[in-house]
1. Only Lys, Arg, Asp and Glu count, each charged at its Cβ (+1, +1, -1, -1), so figure out the dipole size of chain B about its Cα centre, rounded to 20 debye.
2. Once you place label points 7 Å from the Cα toward the Cβ at B:S5 and A:T16, how far apart are they in nm?
3. Can you find, among B:V108, A:A183, A:A280, the residue sitting farthest towards the positive end of the charge dipole of the protein assembly as shown, where Lys and Arg contribute +1 and Asp and Glu -1 at Cβ?
4. Based on DSSP, what percent of beta bridges with both residues in the protein assembly as shown are antiparallel, to the nearest 5?
5. Mind checking the dipole of chain A: about its Cα centre, +1 per Lys or Arg Cβ, -1 per Asp or Glu Cβ, Debye to the nearest 20?
6. Just check segment A:1-95 against the gyration tensor rule for me: Cα atoms, a ≥ b ≥ c as the square roots of the eigenvalues, rounded for a/c under 1.5, and otherwise prolate or oblate depending on whether a/b exceeds b/c.
7. Test of understanding: ordering B:T54, A:T123, B:T12, A:T142 by Cβ neighbours within 10 Å, fewest first, what list do you get?
8. What spacing in nm lies between the two simple spin-label points modelled at B:R44 and B:D66, each 7 Å away from Cα in the Cβ direction?
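The numbers here are math on the coordinates, done by the rules we state, and not lab data. The structure presented is a predicted model; accordingly, all values stated were derived computationally and were not measured. Methodologically, a virtual Cβ is constructed for each residue, glycine included, from the backbone with ideal geometry; neighbour enumeration extends over all protein chains shown.
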Amino acid sequence: MVKQLQLEQLQQQLLTTPDELKLSVIQGFLCGVTNPLERQQLEILYWINKSHPLPNPSQDIVVLIHGIRTNAPWQEKFAAKLEGLPNVKAFPIGYGYFDAPRFWFPFITRRRPIEHVARQIRTLKNDNPNARISVIAHSFGTYIISKILDDQTDISIHRLQLCGSIISPQFRWDKVKPRIKGAVLNDVGTDDVWPALATSVTWDYGSSGALGFKDASVRDRFFKCGHSDFFTDIHMEKYWIPFLLDGQIVPSPWSSVRSQPNKFIEVMSFIPLKSIGAIAIIAFAYLRWSGSPL
Amino acid sequence: MSKCSVSLDTLTSEFPEHELALRQLASLLRQKGQQDGFCLSINRLYDLIEPQSTTTLLRILESLVDKDVLQRFVRVNSYNGGGIGDFASIVDVPVEIFDARMGCNVEVNLDQVELLYKPGRTEIHG
């Protein structure tokens, strides 16, 4: 997007320009913008601001929540892109290195990161009462934000961008939707096996990052990519920034041409390895306890 | 001129937060788009769409122009009323123009110029 700074420079120049010269000043300024798309955007922004000047544009805050087993360098990369835009602040939120056993265990261990992130969002809200807070979350971060929205009813957000989601497709978005002012967008990687594996091997997760939610309250957008392939400059600039800042869901060409989902993903989403494992352990323990020969 | 078409759902799925406004715009274009000389000023579009920010309106208009639902142009108006020249961009507006309504060449000032949108070749259906 064209820099607001350029528009401000132009408006500054016009303040000291006599009326009869204003047209040529604008033309000269626009001719100095070499990128034709930027020039066109700057021209339209000029006209929009001329008819509807916005003296105090609202502040956008974007909270970035990462997944497990990573320190998520994508957060800083995306934050740097957002910080370059006017009236936008980005806050990468971490909860330390979260390992696979704690991710797997369905009780207690998942609570701490959820509570930590909820506290961070509350702090941001208190420090910036008039800002619009949007969230982008990856992998376990999607689970965290879903739990926060489900349980912490004092927290509301502006827009929600998910990628590599492990939220269950049965999640009650209709229940939490009143606290999300804008849209919920789920970027789906059709080659992403991790959500399906997580669904299969432990409880309370889902394959929405590989198969989509197919829910009236969420928009699924499909890409031919894996779990962490979203963190490219192109993806961030073309798909995430327009959504998080302006609510635009730029269509993905893969959404309309994709074929049947990957068989492995389908099967893993369906087979409850966790239940089979649990039954096997219980049966083993029972046989040992009852003294039956194995 | 043959018309293409785009579904309203395509537009609203790109801007779900402005679904109602896009429906109103589609309805307006269906009702009045065929009228000779029908066009929309940026003021009218702003009031219709009620964007949350200027860049949101910019993105919506860019998308509508890309799909040829709307065509953007810059009009030079005569001080006697009415347009005297249409151009693709403000950069293309000449320093001087023949004003048929006054019968003479006039120097163009910024207050004579406005950005307008007219219906494009793509109709919205659905």
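1. 400
2. So the two model labels end up 5.6 nm from each other.
3. Result: A:A280, furthest along the dipole toward the positive end.
4. Around 35 percent of the beta bridges assigned by DSSP in the protein assembly as shown are antiparallel ones.
5. 840
6. Prolate.
7. Least crowded to most crowded, the residues run A:T123, B:T12, B:T54, A:T142.
8. Roughly 2.5 nm, to one decimal.
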